[in-house]
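Heads up: the structure comes next, in structure tokens.
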Amino acid sequence: MSEALNQQALASYRNNFLREVEEKVEEGEWVKMCMQCGVCAGSCPFGPHWEHSPQKIFMMIRAGKREEVLQSDSMWMCTSCYNCVVRCPRQLPITQIMHGLASYAHRLGLAPKEQPTRHFSALFWNNCTQTGRVNELKLTLGLYFKDGLVSGIKKAWALRNIGLSMLLAKRLNPFEILKGHECQDKAGIQRMLKKAHEIEARHRGLNG
Amino acid sequence: MAKKEYAFYPGCSSQLKGSASNYLVSVDSMCKTLDVKLTQIPDWNCCGASIGYAESGELPRHVMNARNFALAEKHLPGQDVVATCAACWLNAKESKEKLASNQTLRNDANEALKEVGLQYEGKSAMRHMVEVLIEDFGYDELKKPVVKSLEGIKFAGYVGCQTNRPFGINGESFENPVYLDKLVESVGGEAVTSYDQKVTCCGGALAFSEPDKSQKQIKDIVESAYDHGAEMIVTPCPLCQANVEIYQGEVNKKYGTKFNMPVLYYSQLMSVAYGGSTKAAGLDGQVIRAKKLEEIAVKVIKK
């Protein structure tokens, strides 16, 4: 499905990646407003860790560098601190655009495969929407065991002191593995979200 | 003063045996003293947090928050919705703004909400607990119930990101918000106003997926608190609290530091100052125990 979506987008936008972003990406219509001042680049807490600052990503979008943008791991470095948003002289919703680009790249199957935050982000949404509330234990274990059993046990062992101290402080419940907190109307929440995804796909033309 | 009532949105981490369960315990204790009645929104759901974006899309994320508002409007009409979690507050507030400014989005949200027999009207205001304290009470009013001053304890007010940006608390600056320092002072504590990491990001959800990068942030946050003479860190955000407290051991291993600094919620300070016990203030939920606060909590008040 993601490959079909990608081919569809390539065919309909040809070389106009800016227009593709404006129509397909949440808050994408703001990208053209960037004046390339670089305040966002200097404000990002994970600045030393990405290849492309938001400022660069915006310029690359305008230059039509579709693959480089969608395959970049920079958007996945966003900690949602909103520093760039409050400092941007043009008040662009940069955090939301970064999330939107990451989400779009994920849907098209172009985002970096082994990106840990990409994995965690999908894990989190699936975790919290399953019952309507986050199951913190399953979320943590899902992260530790993403690369298999052996690596998971190693990670859990390395961080055993944290787990134990949380258990002693009564801030972790081992029985959540069986059943955690959940909404009564979890079936309704599933229906509601299915509907919301359908409506959104219709509006953004994302029916692959 | 008359009893104040709010529709309460506690959020996932505040639940029993959740990572911020002691936050809720201390909030309950604080609210009892202030004569605040918090009624949980029946069957509230997760806000989707900031990290769910890979698969959440735009509308599903807003619909999650719209459901909570719709439930509050139906069951607790006329009451402001109050969150204690910074992320719950931010995400709900963002959804509310988006739904207010975009008719199409609002219609879409209501179409999805029909599946659960609810309707979003956008009537309830979205507020954080610190807004309730500052705006509905005010610092002077918050001083009145203090029976045990936290005199002599130095607190670094670590505001973090999500109660501060992008919305922030009314009248505060993004770069140097002072509300937390003022709350500390209102219960007699000493606020370390020169603390320079008060709005630094702790890594947020990336503390899980990018531990090394986030632990560098946490190191800066704790180190600066020590450098400025603080004995404890205080914060309004459950994720800030957990990240900055529980990873200090990992930071020590990596950087050879000897960090052991308690990280508290503002509500725990208030609970103790208002006469709450160690248990009522949730101090037994600390991974790094706040000994000086516990000593105050067990003191018997002489009348």
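The values are calculated or read from the model by the stated rules, or taken from the named source; none is laboratory data. As the structure is a computational prediction, the values presented were derived from the model and not from experiment. Counting neighbours? That spans all protein chains shown, and the Cβs are built from the backbone with ideal geometry, glycine included.
Structure data summary
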read-out	value
Matching entry among B:105, B:150 (being surrounded by fewer than 24 Cβ atoms within 10 Å (Cβ to Cβ) and closer than 30 Å to residue A:185 by Cβ)	B:105
Verdict on residue A:20 being buried (at least 17 other Cβ atoms within 10 Å of the Cβ), part of a helix (DSSP H, G or I) and either in contact with a Ser or Thr (Cβ under 8 Å, 6 or more places away or on another chain) or not basic (Lys, Arg) (or both)	yes
Boolean, residue B:226 is more than 24 Å from residue B:85 (Cβ to Cβ) and modelled with pLDDT of 95 or more	yes
Selected residue [aliphatic (A, V, I, L, M) and over 20 Å from the mean Cα position of the chain (by Cα)] from B:90, B:133, B:142, B:113	B:113
Options B:173, B:271, B:186, B:267: the member that is at pLDDT 95 or above, within 27 Å of residue B:49 (Cα to Cα) and crowded, with 21+ Cβ neighbours inside 10 Å	B:267
Any hit, the range A:92-104, residues being surrounded by 24 or more Cβ atoms within 10 Å (Cβ to Cβ), at pLDDT 95 or above, over 15 Å from the mean Cα position of the chain (by Cα) and aromatic (Phe, Trp, Tyr)	no
Scan of the range B:215-261 for residues that are assigned to a loop (DSSP other than H, G, I, E, B) and either assigned by TED's automatic domain parsing to the domain that holds residue B:27 or without any contact (Cβ under 8 Å) to a residue 24 or more places away in the chain (or both), ordered by number	B:256, B:258
Flag if residue B:264 is in a helix (DSSP H, G or I) and either touching a residue at least 12 places away in the same chain (Cβ under 8 Å) or in contact with a helix residue (DSSP H, G or I) (Cβ under 6 Å, 6 or more places away or on another chain) (or both)	no
Search result, residues across the range A:167-193 that are in a helix (DSSP H, G or I) and either closer than 18 Å to residue A:133 by Cβ or outside the structural domain of residue A:139 (by TED's automatic domain parsing) (or both)	A:174, A:175, A:176, A:177, A:186, A:187, A:188, A:189, A:190, A:191, A:192, A:193
The range B:51-94, subset among the polar types (S, T, N, Q) and closer than 19 Å to residue B:129 by Cβ, residue farthest from the other protein chains (Cβ to nearest Cβ)	B:79
Number of the condition not met by residue A:72 [criteria: (1) more than 9 Å from every other protein chain (Cβ to nearest Cβ); (2) of a type in the set (Gly, Ala, Ser); (3) closer than 26 Å to residue B:13 by Cα]	(3)
Residue under evaluation residue A:138, criteria (1) touching a residue at least 40 places away in the same chain (Cβ under 8 Å); (2) facing chain B (nearest Cβ under 8 Å); (3) in a helix (DSSP H, G or I); (4) under 20 Å from residue B:20 (Cβ atoms), criterion not met	(2)
Subset of the range A:75-91 [more than 9 Å from every other protein chain (Cβ to nearest Cβ), surrounded by 24 or more Cβ atoms within 10 Å (Cβ to Cβ) and not in a helix (DSSP H, G or I)]	none
Failed condition for residue B:124, given (1) more than 14 Å from chain A (Cβ to nearest Cβ); (2) free of Cβ contacts under 8 Å to residues at least 60 places away in the same chain; (3) polar (S, T, N, Q)	(2)
Residues of the range B:176-202 that turn out to be part of a loop (DSSP other than H, G, I, E, B) and touching a Leu at 6+ places or on another chain (Cβ under 9 Å), as a count	5
So residue B:179, is it at pLDDT 95 or above, hydroxyl-bearing (Ser, Thr, Tyr), crowded, with 20+ Cβ neighbours inside 10 Å and not assigned by TED's automatic domain parsing to the domain that holds residue B:99	yes
Number of positions in the range A:28-52 that are buried (at least 19 other Cβ atoms within 10 Å of the Cβ) and within 23 Å of residue A:114 (Cβ to Cβ)	5
Test: residue in the range B:131-149 that is touching a Pro at 6+ places or on another chain (Cβ under 9 Å) and not in a loop (DSSP other than H, G, I, E, B)	no
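Okay, residues lined up against (1) modelled with pLDDT under 95; (2) crowded, with 24+ Cβ neighbours inside 10 Å; (3) touching a Gly at 6+ places or on another chain (Cβ under 9 Å):
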| position | (1), (2), (3) |
| --- | --- |
| B:14 | no, no, no |
| B:36 | no, no, no |
| B:52 | no, yes, no |
| B:72 | no, yes, no |
| B:85 | no, yes, yes |
